[in-house]
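Working notes for the structure below.
The values are calculated or read from the model by the stated rules, or taken from the named source; none is laboratory data. Just so it is clear, the structure is predicted and the values come from calculations on it, not from any experiment. Glycine gets a Cβ as well: all are built from the backbone with ideal geometry, and neighbour counts include every protein chain shown. Please note that ligands, DNA and RNA were not included when accessible areas were found on the heavy atoms of the full protein model with its side chains. Shrake-Rupley method; radii C 1.70, N 1.55, O 1.52, S 1.80 Å.
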Amino acid sequence: AKNVIVEYYSATAPTTGSNLPLISQNSGLCLSAVNSAEGTQLEQVTCNGSTLQQWDVTTEGSGYYLTNADTGMVADDSGQSLTAGAEIIDWVKNGGSNQQWTFKSTGQGYYNIVNVYSGLCLDVEGASTASGALIDQWTCNGQTNQEWKQ
């Protein structure tokens, strides 16, 4: 019999069907909706267990929806932008590919979260480590401000 080596350190798919935080590798802060107003740009904030910081990842189309546990809205590439630096907002789910994301493992349980429509990565603006920093999309570049874990 052959010996089989199984490596557990790098998950290949996100956990679905649970409200879990998404934590930035760069800052250690949580992806958060700000309030229940549709169109509000997402932020990273100090993790505190709030439902504004919990995301239900569900399979949809060619990716996943990230549905906020508090607002019931999803992470959305605002205006179906193809531009690096465009806002990521909380928006009512409508089936658009600009609301769908793929998870690409970067190792150690972290992922790049890539918008299906734009092909750009979920990104903390300016690689900020401050609570309240805004979330945008940016060209995937291997930086830790584009790496997230559940």
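Candidates are the residues of the stretch 21-74 that are among the small types (G, A, S) and surrounded by 17 or more Cβ atoms within 10 Å (Cβ to Cβ); the one that is nearest to K149 (Cα to Cα) is S24.
The single condition among (1) touching a Cys at 6+ places or on another chain (Cβ under 6 Å); (2) over 17 Å from L31 (Cβ atoms) that C121 does not satisfy is (2).
Of the residues in the stretch 104-113, not one is at pLDDT 95 or above, among the hydrophobic types (A, V, I, L, M, F, W, C) and open to solvent by 10 Å² or more (accessible area, probe 1.4 Å).
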